[in-house]
């Protein structure tokens, strides 16, 4: 599986979770800012995928950093903040469950971090970091 | 900055604040600061991360725990003497000796003498021109090297992404 194919797979799973209520973005924080300007909240954001390849063994891994965000703010009340975290944790759980069902995606161990006020749009929610071992194309 | 970079720096900030707070609260720098006051100083430590800046902050008094308290320049409000008295009681230090009238020295008198020395000559680390390591044990050249390595790796990925976008 190529990185581009993986990105497309993640996008499709994310769009399935959002079901029209929100948008998916992949890229750096500058393009994320523009995407939020254009499409609002919530947003599932994917950092550009980076990884490692061992040519001899054919092993390939992809490091994924994914954010599930709503609009936060400096003055967000504690109860509302907790509600955002809860909603986005549930969304991420649904996402990961669906991703794991895809062909070639094995067990996923995720490092979760609560995120508050990321970028000028004060994106708030949960970030998931994990590494995927990608299936190798034997035929080119 | 990329989400992954922010997460790394957040973890670094949390780790540094935790390490600094622990050292500040538990290290007796020989300046007669009671535990409760050290804990207040420890609680003042935090970090801030923005798009362009990563900073560790804390009470102005924090640095005196690293380099020692300087001799007093202005008139104090008796805080040093109160801290010293609290420290003496906390540590169970028993005054010995007698005053000029032959009366046994009590805790209050001992606190007075110690605080007078602190006011006149500064704290022990200051007098000995030594760093206690409360801060420099955590924030030092080794840490800077680690941060540089972390940022180099993170920003190499980011710069590559910007270049890809620019050429797309």
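The values are calculated or read from the model by the stated rules, or taken from the named source; none is laboratory data. Keep in mind that this is a model prediction, so the values were computed, not measured. All Cβ positions, even for glycine, are placed from backbone atoms using ideal geometry, and neighbour counts span all protein chains on display.
A compact table of results
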{"read-out": "Which listed residue is in contact (Cβ under 8 Å) with a residue 24 or more places away in the chain, crowded, with 16+ Cβ neighbours inside 10 Å and in contact with a strand residue (DSSP E or B) (Cβ under 6 Å, 6 or more places away or on another chain), from A:44, A:17", "value": "A:44"}
{"read-out": "Counted residues, the range B:47-82 - those being modelled with pLDDT under 90 and either within 14 Å of chain A (Cβ to nearest Cβ) or more than 27 Å from residue B:116 (Cα to Cα) (or both)", "value": "5"}
{"read-out": "Among (1) at pLDDT 90 or above; (2) at negative phi, the one test that residue B:100 misses", "value": "(1)"}
{"read-out": "Hey, residue A:95 buried (at least 18 other Cβ atoms within 10 Å of the Cβ), away from chain B (no Cβ under 11 Å) and within 19 Å of residue A:12 (Cα to Cα) or not", "value": "yes"}
{"read-out": "Subset of the range B:29-46 (residues that are part of a helix (DSSP H, G or I) and either at pLDDT below 90 or within 30 Å of residue A:119 (Cβ to Cβ) (or both))", "value": "B:43"}
{"read-out": "The listed residue being more than 13 Å from residue B:31 (Cβ to Cβ) and modelled with pLDDT of 90 or more, out of B:147, B:138", "value": "B:138"}
{"read-out": "Residue among A:122, A:82 that alone is surrounded by 13 or more Cβ atoms within 10 Å (Cβ to Cβ) and over 18 Å from residue A:16 (Cβ atoms)", "value": "A:122"}
{"read-out": "Output for the range A:42-70, where each listed residue is modelled with pLDDT of 95 or more and away from chain B (no Cβ under 12 Å)", "value": "A:42, A:70"}
{"read-out": "Helices (runs of 4 or more DSSP H) enclosed by the range A:1-113 - at least 2 residues per element that are farther than 30 Å from residue A:136 by Cα", "value": "A:29-39, A:78-100"}
{"read-out": "Condition met for residue A:63 (surrounded by fewer than 18 Cβ atoms within 10 Å (Cβ to Cβ), in contact with a strand residue (DSSP E or B) (Cβ under 9 Å, 6 or more places away or on another chain) and in contact (Cβ under 8 Å) with a residue 60 or more places away in the chain)", "value": "yes"}
{"read-out": "One residue from B:9, B:16 being within 14 Å of chain A (Cβ to nearest Cβ), under 28 Å from residue A:50 (Cα atoms) and in a helix (DSSP H, G or I)", "value": "B:9"}
